[in-house]
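For reference, the structure is listed below as structure tokens.
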């Protein structure tokens with residue numbers, strides 16, 4: 001093979017290699033497969049835990065409500081109302097079917113399944129309800145009772161009554177209770193007695209209504225810088241301020257909490273004072 005033919009073959013080979021590189025290079029710039037999130041699972045396959053949606057902020061009539069992450073130590077005073085027809089049989093905020101003859105109630109920000117002790121301050125009657133809905137969205141009203149519970153408290157005739165609500169905890173789902181009480185039994189040795197089931201824990205004692213550490217939430221922010229600015233303004237007044245971080249709707253919020261009093265009655269007065277100063281969404285909390 002002479003030198004001229006060799007040079008032609010080398011040139012053709014280089015051109016072929018160049019064409020192949022260009023073809024494969026263009027194909028590698030795009031992918032036909034959707035990107036997966038960290039952990040190797042597609043976002044479509046992720047399952048949301050029950051109740052996650054009910055903890056997201058929501059807007060009613062232009063007002064944004066921020067459900068709180070925990071009801072521990074929660075106390076509040078205000079007006080209770082009740083709802084029956086035409087809501088009976090409709091879906092509640094957590095997906096249940098509303099039963100006006102049940103033992104449930106609606107609250108704007110408490111976690112779903114929170115158990116509340118509700119005391120009618122006008123006649124001294126008390127009852128326990130479970131939160132499964134949102135509302136009432138009327139000024140001064142803090143809880144909407146089912147018809148049965150409103151009747152127990154003597155609220156049905158008047159329509160509303162001044163009440164005090166105290167968080168007792170969250171109800172254990174029925175399927176979990178069955179698993180605890182009727183779980184799979186281990187095979188026992190002949191002649192050996194079966195182990196006794198564990199007794200259920202006694203309900204927590206009713207707390208003193210008027211004693212505790214009470215704070216008033218005056219704002220909730222996505223950016224911590226905004227929370228710090230508001231906190232500094234109250235610190236200059238000589239108030240004790242806490243910035244509390246809590247998750248909501250897949251993000252972190254920062255709420256500014258001002259210490260109000262160790263007395264619930266005085267704390268309610270401070271809450272009204274904050275509302276009068278322009279903090280119309282001031283919220284009384286206990287820690």
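The values are calculated or read from the model by the stated rules, or taken from the named source; none is laboratory data. Since the model is a prediction, treat every value here as computed from it, not as a measurement. No Cβ is skipped: glycine too gets one built from the backbone with ideal geometry, and neighbour counts run over all protein chains shown.
Observations on the structure shown:
Yes/no per residue for (1) closer than 23 Å to residue 70 by Cβ; (2) at pLDDT below 85; (3) in contact with a strand residue (DSSP E or B) (Cβ under 9 Å, 6 or more places away or on another chain):
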residue: 231; (1), (2), (3): yes, no, yes
residue: 235; (1), (2), (3): no, no, yes
residue: 239; (1), (2), (3): no, no, yes
residue: 243; (1), (2), (3): yes, no, yes
residue: 247; (1), (2), (3): yes, yes, yes
residue: 256; (1), (2), (3): yes, no, yes
residue: 263; (1), (2), (3): yes, no, yes
residue: 275; (1), (2), (3): no, no, no
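- Residues of region 89-127 that turn out to be touching a helix residue (DSSP H, G or I) at 6+ places or on another chain (Cβ under 8 Å), assigned to a loop (DSSP other than H, G, I, E, B) and surrounded by 15 or more Cβ atoms within 10 Å (Cβ to Cβ), as a count: 8
- Scanning region 71-88 for residues that are in a strand (DSSP E or B) and touching a strand residue (DSSP E or B) at 6+ places or on another chain (Cβ under 7 Å) returns 75, 76, 77, 78, 79, 80, 81, 82.
- Applying the criterion of being modelled with pLDDT of 85 or more and out of contact with any strand residue (DSSP E or B) (no Cβ under 8 Å at 6 or more places or on another chain) to the residues of region 277-287, the residue that is surrounded by the fewest Cβ atoms within 10 Å (Cβ to Cβ) is 278.
- The listed residues are 252, 262, and the only one of them that is within 21 Å of residue 165 (Cβ to Cβ), out of contact with any helix residue (DSSP H, G or I) (no Cβ under 7 Å at 6 or more places or on another chain) and not assigned by TED's automatic domain parsing to the domain that holds residue 78 turns out to be 262.
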